[in-house]
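J.: Okay, here's the structure, questions in a sec.
The values are calculated or read from the model by the stated rules, or taken from the named source; none is laboratory data. Note that the structure is a prediction, hence the values are computed from the model and not measured. All Cβ positions, glycine included, derive from the backbone under ideal geometry; neighbour counts span all protein chains shown.
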Amino acid sequence: MDRSIIHVDMDAFFASIEQRDNPKLKNKPVAVGGKPNSRGVVCAASYEARRYGVKSAMSSKRAKRLCPKLIFVSTNKHKYKQVSNHIKSIFKRYSKKIEPISIDEAFIDVTGKEALEIGKLIKKSIKNELDLTASIGISYNKFLAKLASDMDKPNGFTVISKKNAKDILKKLPIRKLWGVGPKTEKELNRLGLYKIEDIQRYDSDILVEKFGKRGLELIEFANGKDNRPIEWKSKSQSIGEENTFSHDTLDREVLNYTLNKYSLDVFKKIKENRYKIKTITIKIKYEDFNIETRSLTLKSPTDSLEIIKSKAHFILNNKFNINKKVRLLGLTVSNIVYPNDPVQLRMDMDGFM
Ligand SMILES: [Mg+2]
């Protein structure tokens with residue numbers, strides 16, 4: 001049976017909430033984020049501001065230059081989170097298979113149900129209960145549902161069916177394919193590929209040779225195929241490695257070697273999932289079965305092997321006083337930052353701006 005996937009994307013989420021709650025901001029260019037004189041970053045821009053080229057992740061200073069009348073409002077994460085939870089409770093009326101991909105976007109698997117009807121009801125409930133608008137995309141897989149919700153923003157409602165998928169895809173620029181950023185776009189342009197139809201017709205062997213597994217994915221997406229399931233079970237809260245040594249040890253070289261190995265394993269997992277992490281924890285179980293854990297939290301999230309490794313060693317060398325043999329050593333990273341999270345994106349930018 002074909003799947004039915006709904007993608008819901010709130011329109012200018014943070015900015016719309018602020019405009020809703022403060023009548024003075026209605027129909028005005030609004031930027032939620034840091035003030036222009038504070039080296040801040042725009043987290044979200046109202047549609048009125050977007051007309052001037054103001055975008056999220058842009059420095060507030062630059063935004064003010066583009067749109068001198070821009071009104072800055074500071075972020076109210078707690079409020080956005082509450083609205084986000086309310087939206088999620090609306091989704092839950094229709095399916096338990098919900099995959100949030102950021103604070104204001106989610107996939108809902110409604111396979112076997114009346115997808116169009118449900119899509120309309122969700123839109124109506126969001127309007128009635130929260131006085132906000134969402135754009136809805138409905139299709140038979142995740143990629144196309146997300147593409148659909150973006151086609152008629154704001155307040156859109158778009159369905160991509162199996163019949164019209166390939167035709168809709170054809171004329172779109174390749175950057176509309178999931179995961180194609182400016183870098184991949186350039187590489188594809190170099191092969192003479194500009195529109196999705198160029199990929200539909202291109203030699204798949206060459207793409208696979210050039211891009212590996214991603215090449216295969218590009219071909220599938222270009223042809224409207226995407227078998228990725230809705231990941232509705234809650235995301236992992238931490239990633240870690242631990243092992244009991246075959247002999248209890250006090251040998252620093254063994255501990256250091258093990259920690260290096262764990263760092264690499266953990267690094268690979270976070271890279272694979274495009275996560276970043278903020279907290280690093282070391283656990284030691286001694287020969288007498290006593291357990292101690294020590295952690296360290298970074299100022300800004302990281303996905304760097306060097307940082308994870310050096311911090312892990314720092315904890316081991318400075319936060320423990322090892323005077324008994326070690327039976328088990330463990331390394332865990334937590335405080336995970338998931339991709340596409342605009343709130344976290346802002347924290348990231350703050351870190352190096
Ligand atoms: Mg949105």
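J.: Take the residues of the stretch 23-47 that are within 14 Å of the ligand (Cβ to nearest atom) and among the hydroxyl-bearing types (Ser, Thr, Tyr): which is surrounded by the fewest Cβ atoms within 10 Å (Cβ to Cβ)?
T.: Tyr47
J.: Looking for something surrounded by 17 or more Cβ atoms within 10 Å (Cβ to Cβ) and away from the ligand (no atom under 16 Å from the Cβ) - is there at least one such residue anywhere in the stretch 75-90?
T.: No: the stretch 75-90 contains no residue that is surrounded by 17 or more Cβ atoms within 10 Å (Cβ to Cβ) and away from the ligand (no atom under 16 Å from the Cβ).
J.: Here's another thing I want to ask about it. Does Lys261 satisfy being assigned by TED's automatic domain parsing to the domain that holds Ile284, surrounded by fewer than 16 Cβ atoms within 10 Å (Cβ to Cβ) and farther than 27 Å from Ala106 by Cβ?
T.: Judged against the criteria, Lys261 is a match.
J.: Further question: Take the residues in the stretch 1-22 that are modelled with pLDDT of 95 or more and more than 16 Å from the ligand (Cβ to nearest atom), then tell me which one is farthest from Gly224 (Cα to Cα).
T.: Asn22
J.: Same structure again: Under the condition of being touching a strand residue (DSSP E or B) at 6+ places or on another chain (Cβ under 6 Å) and free of Cβ contacts under 8 Å to residues at least 60 places away in the same chain, which residue from the stretch 127-152 is surrounded by the fewest Cβ atoms within 10 Å (Cβ to Cβ)?
T.: Asp152
J.: Only residues that are surrounded by 12 or more Cβ atoms within 10 Å (Cβ to Cβ) and in a strand (DSSP E or B): list them for the stretch 218-243, please.
T.: Ser238, Ile239, Gly240, Glu241, Glu242
J.: Residues to consider are Glu114, Glu105; find the one that is over 14 Å from Asp9 (Cβ atoms) and either more than 22 Å from the chain's Cα centre (by Cα) or within 16 Å of the ligand (Cβ to nearest atom) (or both).
T.: Unique residue meeting the criteria: Glu114.
J.: Modelled with pLDDT of 90 or more and out of contact with any Ser or Thr (no Cβ under 7 Å at 6 or more places or on another chain): which single residue out of Phe245, Phe289 fits that description?
T.: Within the list Phe245, Phe289, the selection yields Phe245.
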